[in-house]
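J.: Below is the structure I would like to discuss, written out as structure tokens.
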Amino acid sequence: MQFKKLSSGHWLVLLVTLLLTTPIWVLVSFLFVPSNDNWTHLAGTLLPEYIANSIWLMLGVSFGTLILGIPAAWLISHYDFKFRRIFQWALLLPLAMPAYIIAYTYTGLLAFEGPVQTELRQHYGFGVSQWFPEIRSLGGAILMFSLVLYPYVYLLARGAFSSQGEAIFHVSRTLGVSPTQSFFRVALPMARPAIIAGLSLALMETLADFGTVQYFGVDTFTTGIFRTWTGLGDTKTTAQLSVLLLVFVLILMLVEYWSRNRAKYFSNFQHSKNPPSKIHLHGIKAGLAIAFLSLPILLGFVIPSGQLLYWSYHTAEQGISLHFFELIWNSFSLAFIAALVTLMLALLLAYSRRMIPHPILTPTLRIATLGYAVPGTIIAVAVMIPFTWIDNQLDAWMRDQFDISTGLLLSGTLIALIFAYSFRFLSIALQTLDSGLGQIKPSMDQSARTLGASHWSLLSRIHLPLLKSSLLIATILVFVEVLKELPTTLIMRPFNFDTLAVNAYELAADEQLADAGLPALLIVLTGIIPVIILSKLIDSKGRP
Amino acid sequence: MQSLDIEQLYACHDQDTILNGIDLHLKEGEIGCLLGPSGCGKTTLLKSIAGLHPISHGQIALGNKVISSPEIHLATEKRQIGMVFQDYALFPHMSIFDNIAFGLKKLSRKQKTERIQALLKLVGLEGMQKRYPHELSGGQQQRIALARALAPKPHILLMDEPFSGLDVELRESLAREVRAILKAEGITALMVTHNQNEAFAIADSVGVVSDGKLLQWDTPYNLYHQPHHPFIADFIGQGALITGTICSCRKVLTELGNLKTHLPFGVVSGEKISVLVRPDDILHDDDSDWKLEVVNRAFRGSHFLYTLKLPSGETVLCMSQSHHDHPIGSRIGVKLEMDHAIVFAKHK
């Protein structure tokens, strides 16, 4: 195959990609550095536990998200009952609840001094705390993750189920197979790739989590990386531990990538996509469906939100202070700047693919958007290593030449943090822009050009109006993700710079759960916006 | 294989009546075809037979067994009906072997393999069992869908627009191929389509459906030459309706002359009626003294189709050989070659 020559635009995209991913390459290069005593110690003691805990977490979360997500998707896509349309989007609400925040609320509710155990003790005496399960445990973490991550499985499974044409089920029945058997022999296997893709996303989130496992005292890779970095200050071991976690993530990414392609082909394969007519449920059956679907919404959103509201109400008097507004200002301005920077990068990449298509762009863009799968803890560490090195070099040189100390110009400021966010959330922005640009067919460009529009007037008169909502959505999605992000911010924030997420984390860690309610509630409330956008997007695609 | 008997079938969807008193009989081994425009109810009729659509009145029987009536509804999976769908609905996650084996129960692995080999041979796709649906062309997928439907030896085979997803050039040849397969196996089959070429290529008998009614159930030849209804005259083949006046019990007077005919029931002498004139009833002849004005013309490669104006202003179609090139506005000589006129009572 002969490649066209690269233009300056291509080189710009390549350069941006290289810069964005430098931290990851630096991290991987530590594989070739001989390990030290810390590593030997770690490998002999804690590492097996990290691996075992991570695997148990993944198995448990797989079970939990599948058992909640698949039946919900099936009920919504193939049955009709009262409140179905409400459930269709309400099932996404737990996505607004970050895992570490739901962990705080259930700790507050279920701990020894919490209302549930106190109430039980009043009826049954002190024996209750003997058998009452400890929420701050591996099992508790699995439950928390399952409750907030099942929407990934639900979302993708529902998409797959509702794209399965009516004919598939009819043909199965004419071949003598009952409706129930058809679910297991046709619907489920055909949806399997989509379900696996959703599950891989949920598991990536599980591996990336830091706040929940740290709070519950379940030692995993992320807590290990955090401890080695902040406690031991050992760059080498931190990097090597990170690369090991990246291997797990990489496997999940490959599974997700492969499954998505397969899912796409399964749904494209059918020519006519008349969705099957929905089966009406009445009486007991409708009641059971409603009860089943209410369960994850109650446990994953309503109850924890209620707890946060309760805490906020009781702490509002001292909680809403100048410091609180400073937190809001810090969080919102940081998230907004990060969203804009990410959007600019995404625009550059999206338009490069459209305006100067070249075979080299496909792999380049895929690499540039790898960040979505990389846990925030790792990104933080990976960015800090080269940035600190540059800072130190610069500082030494400036001292040498001019006797001025520049200090930590990059690593100690918001620049490093914004860089890290941009890498982590670039793929969200790019995906949103790409789907927006996809609506603008190349023939529209061509007809505008034949009508005499210049490049500039094409952008301002055709693209901008059509892309407006995609640009807005991309900004909002990145904004909210940054607001929720905990480990990256925790590790990289400048000295004395607090955000809502960091504040909630620190208060919870200090056993001041009630005080964490206010910042946590604000995070959850903003988290609802993307859920609304998501459900609107799905509705507009015309799936009833 | 069994016969199919449908009596006074009515079916509704919400408030609308989709099927409006259908009577249909298909003998064992006969291939029938329902022809009609989209939305006429033909697919609903097929789904009613398959048990995928409820009926409100009448009954459907396979052999001697009633499978659908307002009181009886045998579940689709118990009817032993084979069905080929418009988009084939092959299962994309299964190999060809597993697709065909889907409806085969209570057979040993060896029996299944034998049956599938035989079916693949029947549809001319031997050695394909390990492939996946997306690796096949549209025509091959269509034949696999047929093999899958035939695998459990159904009482009757139903096909819903089975050729509509294929290239136009392929449709008729595949339709003839499918007919050969069905005839070789002696299969009773009912197909629906909106394409008359497909219908004529595959079926022994064709029924024309309009507005939920079966207007005529006949051989393709009779549908063209002896349509019972103006809708059929219009839907099958080309033609024009001109006005005629009955002058005796066997004769109708038109601008084209006195024509022999069979009168429809209930018309009386002196009454105005419609007369069907096919393009092949009027031949172009340069030597003829009878000249008509060309008002429109279409070049069809092998022939010209002229629209000619009669003195009264009504128009008829005339087919001429390809090299008889006459401009619009000119007057060309024609002669009538119709030994028997088809007439319809005028709708008031």
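J.: Compute the orientation-averaged projected area for the range A:41-308 from the convex hull of its Cα atoms and round it to one decimal in nm².
T.: 17.8
J.: Need one number: nm distance between label points at B:Q238 and A:D37, each 7 Å from Cα along Cα→Cβ, rounded to one decimal.
T.: Going by the 7 Å Cα→Cβ label model, 9.9 nm.
J.: Restricted to Cα positions, what overall size does the range A:338-497 have along the principal axes? Three whole-Å values, descending.
T.: 62, 37, 29
J.: Residue by residue through A:175-182, how many Cβ atoms from other chains fall within 10 Å of the Cβ on average?
T.: For this peptide, the per-residue mean of nearby foreign Cβ atoms is 6.
J.: Other chains' Cβ within 10 Å of B:70-81 residues: what's the mean?
T.: Taking all residues of B:70-81 together, the mean is 3.
J.: Over the range B:238-345, consider all pairs of different Cα atoms and compute the Kirkwood hydrodynamic radius from their mean reciprocal separation; express it in Å, one decimal.
T.: Result for the range B:238-345 stands at 14.4 Å.
J.: Evaluate the relative contact order of chain A (contact order divided by residue number), counting alpha-carbon pairs under 8 angstrom at least 6 apart; express in whole percent.
T.: Once divided by the residue count of chain A, the mean separation gives 22 percent.
J.: A further question follows. Antiparallel as a % of all DSSP beta bridges within the protein assembly as shown, to the nearest 5?
T.: 75
J.: Also: Give the separation of the Cα centroids, the range A:411-467 to the range B:60-124, in Å.
T.: 51
J.: Moving on. Compute the distance in nm between two label points, each set 7 Å from the Cα along the Cα-to-Cβ direction, one at B:E126 and one at B:E71.
T.: In this crude spin-label approximation the distance works out to 5.2 nm.
J.: Something else about it: Can you flag which of B:K27/B:K47; A:K82/A:K285; B:K309/B:K346; B:K213/B:K260; B:K260/B:K335 are past 23 Å Cα-Cα? Let's see the in-between values first.
T.: Working: B:K27/B:K47 20 Å; A:K82/A:K285 11 Å; B:K309/B:K346 21 Å; B:K213/B:K260 30 Å; B:K260/B:K335 16 Å.
Pairs exceeding the cut-off: B:K213/B:K260.
J.: To continue, here is another question. At a threshold of 8 angstrom on Cα-Cα distance, excluding pairs fewer than six apart, so keeping six or more, what relative contact order does the range B:210-348 reach in percent? Show your work: numbers first, answer last.
T.: Details: 278 pairs, mean separation 36.0, N = 139.
26 percent.
J.: Among B:M159, A:M144, A:M384, rank each residue by its count of other Cβ atoms within 10 Å, from fewest to most, as a rough exposure measure. Let's see the in-between values first.
T.: Working: B:M159 26, A:M144 32, A:M384 22.
Ranking B:M159, A:M144, A:M384 by Cβ neighbours within 10 Å, fewest first, gives A:M384, B:M159, A:M144.
J.: Taking a quarter of the surface of the Cα convex hull of chain B, what do you get in nm²? Mind dumping the intermediate values first?
T.: On the way: hull surface 87.0 nm².
For chain B, averaging the hull's shadow over all directions gives 21.8 nm².
J.: Hey, could you pull the Cα Rg and Dmax for the range A:255-359, both in Å?
T.: For the range A:255-359, the Cα radius of gyration and maximum Cα-Cα distance read 24.2, 62 Å.
J.: Rg and Dmax of the range B:133-257, Cα atoms, in Å?
T.: 18.9, 66
J.: Moving to a separate point now. For chain B, with a Gaussian network of springs between Cα atoms less than 10 Å apart, report the residue from B:T193, B:T17, B:T43 with the top mean-square fluctuation.
T.: B:T17
J.: Follow-up. Using only atoms on other chains, find how many Cβ atoms lie within 10 Å of each Cβ of peptide B:138-148 and report the average.
T.: Mean partner shielding for this stretch: 1.
J.: Now for a different question. Taking 7 Å along the Cα-to-C-beta vector as the label spot, tell me the A:V26-B:D14 distance in nanometres, rounded to one decimal.
T.: Taking the two extended label points, one gets 6.4 nm.
J.: What base-10 log of the normalised intensity I(q)/I(0) is obtained for the protein assembly as shown from the Debye formula, alpha carbons as equal point scatterers, at q = 0.05, 0.08, 0.09, 0.11 Å⁻¹?
T.: Calculated log10 I(q)/I(0) at the listed q: -0.45, -0.91, -1.05, -1.29.
J.: Would you mind telling me which residue in B:I55, B:I328, B:I232 has the biggest mean-square fluctuation in a Gaussian network model of chain B, where springs connect alpha carbons within a distance under 10 angstrom?
T.: Looking only at B:I55, B:I328, B:I232, the biggest GNM fluctuation is shown by B:I328.
J.: Kindly put B:K78, A:K236, B:K110 in sequence by how many other C-beta atoms sit within 10 Å of each C-beta, fewest to most.
T.: Taking fewest neighbouring Cβ atoms as first place, the list is B:K110, B:K78, A:K236.
J.: Something else about it: The range B:224-287: percent of C-alpha pairs farther apart than 19 Å?
T.: 35
We did not get these values from a lab; they are worked out from the coordinates using the rules stated. Computed from a prediction, not measured in an experiment: that's the story for all the values here. Quick reminder, even Gly has a Cβ in these numbers, built from the backbone with ideal geometry, and neighbours come from all protein chains shown.
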